[in-house]
Amino acid sequence: MRLDVDRERCQGAGMCALTAPAVFDQDTEDGLVLLLASRPSPGQAASARLAAGLCPAAAITVTDERTPGGSPPPEAQLP
């Protein structure tokens, strides 16, 4: 999973920082999103995805990265 943020779209609602504080923060000067982890750990992935969905400005993009051949990365595969 890769995350990207568009600070120009961000409205500073702060839902991302509240939902996934290890992945997102808010700039103390302008209140806009700060991306702390563009590739969150597997343990942070669910909250990061939720935060992206809660963003009222749709300023967070989630890209599911696949390994060559189209299979999910190892951490996403079920045992």
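Miscellaneous remarks
- Accessible area in the full protein assembly, largest first, 1.4 Å probe, for T61, T28, T19: T28, T61, T19
- Segment 9-64: C-alpha gyration tensor shape, a/c 1.5 cut-off, then a/b vs b/c: prolate
- Separation of the L54 and S38 label points, Cα + 7 Å toward Cβ, nm: 2.5 nm
- Here the label points at L18 and E65, each 7 Å from Cα along the C-beta direction, are separated by 3.0 nm in the simple model.
- Two-site label geometry, E29 and R9: point separation in nm, points 7 Å out along Cα→Cβ: 2.3 nm
The values are calculated or read from the model by the stated rules, or taken from the named source; none is laboratory data. The structure presented is a predicted model; accordingly, all values stated were derived computationally and were not measured. Cβ: placed from backbone, ideal geometry, glycine included. Neighbour counts: every protein chain shown. Accessible surface is based on the protein model in full, side chains and every heavy atom, while ligands, DNA and RNA are left aside. Shrake-Rupley method; radii C 1.70, N 1.55, O 1.52, S 1.80 Å.
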